[in-house]
Amino acid sequence: MRSIWNGAISFGLVSIPIKLVNATESHSISFRQVHTEDSGRIRYRKFCELEDREVTQSEIGKGFEDADGTIIPITDDDLSHLPIPTARTIEIVAFVPAERIDPLQMDAAYYLAASGAPAAKPYTLLREALKRSHKVAIAKYALRGRERLGMLRVVGDAIAMHGLLWPDEVRAPEGVAPDVDVTVRDKELDLADALMDTLGEVDLEDLHDEYRAALEEVIAAKAAGEAPPETPEPAKGGKVLDLMAALEKSVRAAKESRGEEARGEAAEVTPMPSERPRAAAKKTAAKKTTAAKKTTAAKESASKTSASKTSAGKAAAEKSTARKSTAKKATAKKSTVKKAVSSRKRSA
């Protein structure tokens, strides 16, 4: 691997000569700009405004444009003599736990290679010290015209450095989170946890760029004079599921993909709140109508029952009165008969 920067790591009074090597590479497919009519290359030529002629790369340098438009030339020699200690040195300023580093600050990654045999001992010392402390080193260095922040950590038997954004270069997440009050139920969290457990971990080596693979197929087909592969039909969009149903369905799908049997019955699919108003209004109206009918029927039934009881009560009362009246009449008759018999006996 070709080094892009040569310098040293400053570790207190220890200096470690190193070479900076890119730790990552891009596999993305790049395109050229062409003339659509004849596929001729479109090129950008660099012209000098004062001489009105094209210039070569060797004639191009750096310059800073002042507020009044004046160009102040800056040479590589000027940059190499900057009055800062990090011009050619990766200066370690602190050792901190890795958890202290916000992933939002992470930038480009590099490998630090020991430069020559004399660098092997101090390089190994720093590597083993980082391993044993379970910490990372925070350093400052200058690269491509500006001072940068870096984090040194151990990767295998090498030391890697991640470029870090300065803290003031990371934006605060203002206006990003939902501005409405949302309540998450324990059952929803339980299902989310179950989905996370079911999906489990993944070997990052198994992941690949499917877009790039498809693009390579298209390029290969066009180069061979063949028709490019057809785009598969997108999955048909179904009804929007409510959160609980979506979680339950996701858990079942994840289990099935891992060869596990999904437990439980199918989740009930219900519309999301955005689709509910009309259906909810209809259901509410239907419920109100049904409730009204039930109430009316209940009232009528109660009225009939009350009337029936009243009629029965009246009939019973009338029968009782009739019986009492009959009994009184019978008693009166008996009394009259007795009196008549008594008077006859006396007269005799």
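Non-local amide H neighbours of A23 (under 5 Å, H modeled in plane, Pro and chain starts lacking H): which ones?
A109, Y110, Y111
Treat every Asp and Glu Cβ in region 139-229 as -1 and every Lys and Arg Cβ as +1, leave all other atoms uncharged, and give the resulting dipole magnitude about the Cα centre to the nearest 20 debye.
Computed about the Cα centre, the dipole is about 820 debye.
Given H placed on each backbone N at 1.01 Å, which residues far from I159 in sequence or on other chains put an amide H within less than 5 Å of it?
It is L112, by chain and number.
I need the shape label for region 155-241. Rule: rounded when a/c is under 1.5, else prolate if a/b > b/c, else oblate, with a, b, c from the alpha carbon gyration tensor.
Oblate shape, in that a/c is at least 1.5 and b/c is the bigger or equal ratio.
With a 1.4 Å probe and every protein chain kept in, tell me what percent of the accessible surface of region 9-66 is carbon plus sulfur.
49
Protein chains only, probe 1.4 Å: how do I92, I72 rank by accessible area, largest first?
Highest to lowest solvent-accessible surface, that is I72, I92.
Which order, highest average first, do 17-29, 37-49 follow once you tally other Cβ atoms within 10 Å for each residue and take the mean per peptide?
In descending order of packing, they fall as 17-29, 37-49.
If you take the square roots of the eigenvalues of the alpha-carbon gyration tensor of region 37-164 and sort them as a ≥ b ≥ c, do you get rounded (a/c under 1.5), prolate (a/b over b/c) or oblate?
Here region 37-164 falls in the prolate category.
What is the distance, in nm, between label points placed 7 Å from the Cα along the Cα-to-Cβ direction at I101 and at C48?
4.5
Can you give me the relative contact order of region 9-113 as a percent, contacts being Cα pairs under 8 Å and 6 or more apart?
39
Order the peptides 193-200, 246-253 from the highest to the lowest mean number of other Cβ atoms within 10 Å of their residues.
The densest-packed peptide leads the list: 246-253, 193-200.
When only C-alpha pairs under 8 Å and at least 6 residues apart count, what is the relative contact order of region 44-186, in percent?
Value for region 44-186: 21 percent.
With charges only on Cβ, +1 for K and R and -1 for D and E, what is the dipole size of region 67-209 about its Cα centre, in debye, rounded to 20?
1100
Taking H as built 1.01 Å from N, whose amide H comes closer than 5 Å to the amide H of F95, not counting residues under 5 places away?
Amide H neighbours of F95, under 5 Å, 5+ apart: I138.
Over 29 Å between Cα atoms, which of K135/K255; K222/K255; K19/K62; K19/K131 qualify?
K135/K255; K222/K255
Which percent of Cα pairs goes in each bin when the distances of region 190-231 are cut into 5 angstrom slices starting at zero?
Here the calculated profile for region 190-231 is 5, 19, 14, 11, 10, 10, 10, 8, 7, 4, 1.
How much accessible area per residue does region 1-142 have, counting only protein heavy atoms and a probe of 1.4 Å, in square angstrom?
I get 75 Å² per residue for this part.
Explain nothing, just the number: dipole magnitude of region 7-121 about its Cα centre with +1 on each Lys and Arg Cβ and -1 on each Asp and Glu Cβ, in debye rounded to the nearest 20.
Result for region 7-121 is approximately 700 debye, rounded to the nearest 20.
Give a residue-ordered list of calculated ³J(HN,Hα) values for region 19-36 (Karplus: 6.51 cos²θ - 1.76 cosθ + 1.60, θ = phi - 60°; whole Hz; x for Gly, Pro).
Values per residue, Gly and Pro as x: 10, 9, 10, 4, 8, 10, 9, 9, 9, 5, 8, 9, 10, 9, 7, 10, 7, 5 Hz.
Return the Cα extents of region 134-183 along principal axes one, two and three, sorted largest first, each rounded to a whole Å.
Between the extreme Cα coordinates on each principal axis of region 134-183 lie 49, 30, 14 Å.
The values are calculated or read from the model by the stated rules, or taken from the named source; none is laboratory data. All of these numbers come straight from a predicted model, not from anything done at the bench. Cβ sites come from the backbone with ideal geometry, for glycine too, and all protein chains shown count toward neighbours. These area figures cover heavy atoms from the full protein model, side chains too; ligands, DNA and RNA do not enter into them. Shrake-Rupley method; radii C 1.70, N 1.55, O 1.52, S 1.80 Å.
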